[in-house]
There are 2 protein chains.
Amino acid sequence: MRKIESVDFFYLSMPEVTTEGDGSQDALLVRVAAGGRVGWGECEASPLVSIAAFVCPMSHGACRPVGASVLGRRLEGPEDISRIAAQIELDSMDLLQAPHTWSGVEIALWDLLGKFRDEPAWKLLGYRHSFPKLPYASQLFGERPQQTYQLAVKARKNNYRAVKFGWGPIGRSDLKTDIEHFSAAREGLGKEAFLMVDVGQIFGSDVQAAALRLPALEEAGALWLEEPFHTSALQEYAALAQASRNVKLAGGEGAHNFYMARHLMTYGKVGYIQIDAGRIGGLGPAKRVAGYAAANGVTFVNHTFTSHLALSASLQPYAGLREHEICEYPFAPKALARDLTLNHLERDDNGYLAAPEAPGLGIEINMQAVKAYLVDVEIRVGRKRLLSSPDHF
Amino acid sequence: MRKIESVDFFYLSMPEVTTEGDGSQDALLVRVAAGGRVGWGECEASPLVSIAAFVCPMSHGACRPVGASVLGRRLEGPEDISRIAAQIELDSMDLLQAPHTWSGVEIALWDLLGKFRDEPAWKLLGYRHSFPKLPYASQLFGERPQQTYQLAVKARKNNYRAVKFGWGPIGRSDLKTDIEHFSAAREGLGKEAFLMVDVGQIFGSDVQAAALRLPALEEAGALWLEEPFHTSALQEYAALAQASRNVKLAGGEGAHNFYMARHLMTYGKVGYIQIDAGRIGGLGPAKRVAGYAAANGVTFVNHTFTSHLALSASLQPYAGLREHEICEYPFAPKALARDLTLNHLERDDNGYLAAPEAPGLGIEINMQAVKAYLVDVEIRVGRKRLLSSPDHF
């Protein structure tokens, strides 16, 4: 019987991390070994805290470290991954960080299983085909509308047919400036391209403040308005959805279990459900969300902002859903995220890309880059050294 | 202007921690200093991980350590606590563990503010009176029905007029055994006492398995059935609530923000909303839940299973709600939880207790006990030692 022999975490970071809303400034890579092979996954986010949740001492029966449910467990098929997930749900119930930690491990387990079976992860998840997706360039708004315009022009020149602007100044100054950003984005993109807007929860639970931006978003022909509110502000989501004519709401990247995503669809009335496989508990729950979305008239979209390992993972859960065509694509990640993998998912001549046909996630890790960006971590509790990252090599 | 000068964490643990569902086996105590005084709070749960979320390096603008929003900030009045909370919501949005960490800090801030103003925390929260609560003895089911019976008899002898049995064997063997436990509990308690049952999410999302237990719970006159499902399984909660005649559902201890608690009431149809101030983000959001519950015909109940510091904190958010009378009371905590404080909230002759009239939380920390149970923690990232607990003294 094949068992999970080891789980290693690699905390990688750019030399300098700034307060910009760019999630590619660090990464937590996970390597799982079983049966003489290894699989790779990536957790999103906060490397130190997610590592701590794997190695921490047990607090009580329902607050055990994630590692306790993983190490030494059987890994023969997908059902073993589900069983570990269910055990973590009970045994790490009171450990809030657990889903983020488990996500990267879970992804690595699918990668590993795919390598053993010589099949891509999406096949193991039950799909027959990996359909092409239309990537949107995901980037931050400019500081001023003129910069947003230039960024839009540049994205169009780079042959992107869909562009998302996010965060930055929106909701932080006045309504007029926000409107100028929206129309600058559309002007720069031209009439044809899809335009999406992400405001990063800036309105908290203030439905009216968000609703004030709707007419300008309609005017700019925005496909969706993303994360107007706190991930859990379901009633506010529903109220805004009702107030909107053409602009649909999008959200879900903060969902750390299947239920939260379901609630955004059922109660929050989002039109697009965006799932980060590195947060929701990995490919299993993300695939479940995709199935629920497809059955309920909601469009599934991946959420990813780091490496192409994370990108591949994020595509697997809806690779087989032909109609769910749009995908997030890290447009201008930091060097770390680019260097981390030897191969990359590039767009074809039509501007499309697809989850790889290669086994597992189909991504090769660049160990030279891992060494170059590695941050040394040591955690000691009492006399016990729980983790010391140089052991990894 | 008074500023938050320091935040120290004390990871305390029993020498041995077992897999039993007893949350009093360790504790994370928080001490905040400002203006020459200190306030105390307690986080629930997983000390190491919550500490890591306070000191971790920033990942990006929306994934900053909790400490970044706390240290050096103004602390003049309650509005300063709200402002810090709002900032953490945005700046630590992607740090899943943040609410658990912040909870203990927030509680300590109220304690500190109460000491400065010479007022109990519940007055600062806006209440005029602290009404007596009827504590229920909160304990685990026995291994076998006969032991459950004996525990019930013992609780009645100890003059408890309300008893909650939880976790243990329920849902893990057969229906018949569960029914025997329920009826043994009632038999041991006699006809008068309130009986509550907590099954610790054992049914996951299986409404039918939970519904099979309802007739026996009705028969035993259970006041509520607590946590039949995953904290976020709102549709399942609602379905079971609809299937029940007299037994109301209770839940909410896993809520780590106001919204999650509101959803359990609005969508999940619970009759009792149970809030752990040490998880939901402290007294502020817990008070907000209490107000929402009172306005919507739901009964607020504290959730607490550790020290009397945590007990006092858990009572503050609904101290002024006379009708919301029942309170959880750690019946048989580990020595650590008892030793941690110099004073304790004891029941009066009628078997009632109330949130203290003394300033802040009204609880004195036993520094001797803190030293005795202290677990040494060291976290190092790169060349930077982020935390080393012996510095605390």
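The values are calculated or read from the model by the stated rules, or taken from the named source; none is laboratory data. Remember, predicted model here, so these are calculated numbers, not experimental data. Here the Cβ positions follow ideal geometry from the backbone for every residue, glycine too, while neighbour counts run over all protein chains shown.
Given the criteria in contact with a strand residue (DSSP E or B) (Cβ under 7 Å, 6 or more places away or on another chain), crowded, with 24+ Cβ neighbours inside 10 Å, at pLDDT 95 or above and on the phi < 0 side of the Ramachandran plot, does A:Ala319 qualify? Here the answer is no, as A:Ala319 does not meet what is asked. In region B:14-23, how many are at pLDDT 95 or above and under 18 Å from the mean Cα position of the chain (by Cα)? Number of matching residues: 0. Pairing each residue of region B:355-375 that is in contact (Cβ under 8 Å) with a residue 24 or more places away in the chain with any residue that is among the aromatic types (Phe, Trp, Tyr) and not in a strand (DSSP E or B), provided the two are 6+ apart or on different chains, yields C-beta distances under 7 Å for B:Ala355/B:Trp122; B:Gly360/B:Trp110.
In region B:280-293, is there at least one residue being more than 24 Å from B:Ala45 (Cα to Cα), part of a loop (DSSP other than H, G, I, E, B), in contact with a Gly (Cβ under 8 Å, 6 or more places away or on another chain) and away from chain A (no Cβ under 14 Å)? So that I can check it myself, show each step before the final result.
Taking region B:280-293 and keeping what is more than 24 Å from B:Ala45 (Cα to Cα), we get B:291-293.
After this cut, where a residue has to be part of a loop (DSSP other than H, G, I, E, B) as well, the list is none.
Within region B:280-293 (the criterion being more than 24 Å from B:Ala45 (Cα to Cα), part of a loop (DSSP other than H, G, I, E, B), in contact with a Gly (Cβ under 8 Å, 6 or more places away or on another chain) and away from chain A (no Cβ under 14 Å)), the answer is no, since none of the residues qualifies.
Selection within region B:115-168: residues that are among the basic types (Lys, Arg) and free of Cβ contacts under 8 Å to residues at least 40 places away in the same chain. The member of this set that is surrounded by the most Cβ atoms within 10 Å (Cβ to Cβ) is B:Lys123.
When region A:218-239 is filtered for residues that are at pLDDT 95 or above, surrounded by fewer than 24 Cβ atoms within 10 Å (Cβ to Cβ) and not acidic (Asp, Glu), the ones remaining, listed by number, are A:Ala220, A:Gly221, A:Leu223, A:Gln235, A:Ala238, A:Ala239.
For region B:345-364, the tally of residues that are surrounded by fewer than 20 Cβ atoms within 10 Å (Cβ to Cβ), in contact with a Leu (Cβ under 6 Å, 6 or more places away or on another chain) and among the small types (Gly, Ala, Ser) stands at 0.
Restricting attention to region B:203-212, which residues are crowded, with 23+ Cβ neighbours inside 10 Å and either aromatic (Phe, Trp, Tyr) or modelled with pLDDT under 95 (or both)? Break it down stepwise before answering.
Kept after step one, since they are crowded, with 23+ Cβ neighbours inside 10 Å, are these residues of region B:203-212: B:203, B:210.
Within region B:203-212, just B:Phe203 meets the criteria.
Residues that are in contact with a Lys or Arg (Cβ under 7 Å, 6 or more places away or on another chain), without any contact (Cβ under 8 Å) to a residue 40 or more places away in the chain and not β-branched (Val, Ile, Thr) do not occur anywhere in region B:27-45.
Return yes or no: is B:Val197 at pLDDT 95 or above, β-branched (Val, Ile, Thr) and part of a helix (DSSP H, G or I)? It would help to see each step written out before you state the result.
Numbers: at pLDDT 95 or above: yes; β-branched (Val, Ile, Thr): yes; part of a helix (DSSP H, G or I): no.
Spelling it out, it is not the case that B:Val197 is at pLDDT 95 or above, β-branched (Val, Ile, Thr) and part of a helix (DSSP H, G or I).
Criterion applied to A:Gly114, A:Gly171, A:Gly142, A:Gly166 was being at positive phi and either out of contact with any Cys (no Cβ under 7 Å at 6 or more places or on another chain) or not hydrophobic (A, V, I, L, M, F, W, C) (or both), and the one residue passing it is A:Gly171.
Is it the case that region B:331-339 has a residue that's outside any loop (DSSP other than H, G, I, E, B), within 14 Å of chain A (Cβ to nearest Cβ), at pLDDT below 95 and surrounded by 20 or more Cβ atoms within 10 Å (Cβ to Cβ)?
If we filter region B:331-339 for residues that are outside any loop (DSSP other than H, G, I, E, B), which is where we start, we get B:335-339.
Checking the rest, the ones that are also within 14 Å of chain A (Cβ to nearest Cβ) come to B:336-337.
Still in the list and also at pLDDT below 95: none.
Checked against the condition, which is being outside any loop (DSSP other than H, G, I, E, B), within 14 Å of chain A (Cβ to nearest Cβ), at pLDDT below 95 and surrounded by 20 or more Cβ atoms within 10 Å (Cβ to Cβ), region B:331-339 yields no hits at all.
If we keep just the residues of region B:245-279 that are more than 11 Å from chain A (Cβ to nearest Cβ), within 27 Å of B:Arg83 (Cβ to Cβ) and part of a loop (DSSP other than H, G, I, E, B), which is nearest to the chain's Cα centre (by Cα)? Here the answer is B:Ala277. Which of (1) more than 14 Å from chain B (Cβ to nearest Cβ); (2) touching a helix residue (DSSP H, G or I) at 6+ places or on another chain (Cβ under 6 Å) is the odd one out, the single condition A:Val207 does not satisfy? Failed condition: (1).
Quick one: would you say B:Gly190 is in contact with a helix residue (DSSP H, G or I) (Cβ under 8 Å, 6 or more places away or on another chain), more than 23 Å from B:Glu20 (Cβ to Cβ), surrounded by fewer than 17 Cβ atoms within 10 Å (Cβ to Cβ) and in contact (Cβ under 8 Å) with a residue 60 or more places away in the chain? For B:Gly190, the condition - in contact with a helix residue (DSSP H, G or I) (Cβ under 8 Å, 6 or more places away or on another chain), more than 23 Å from B:Glu20 (Cβ to Cβ), surrounded by fewer than 17 Cβ atoms within 10 Å (Cβ to Cβ) and in contact (Cβ under 8 Å) with a residue 60 or more places away in the chain - is not met.
Residues that are touching a His at 6+ places or on another chain (Cβ under 9 Å), surrounded by 24 or more Cβ atoms within 10 Å (Cβ to Cβ) and without any contact (Cβ under 8 Å) to a residue 60 or more places away in the chain within region A:264-297 comprise A:Gln274, A:Ile275, A:Ala290, A:Ala293, listed in sequence order.
How many residues does region B:295-310 hold that are within 26 Å of B:Gly268 (Cα to Cα) and outside any loop (DSSP other than H, G, I, E, B)? So the answer is 5.
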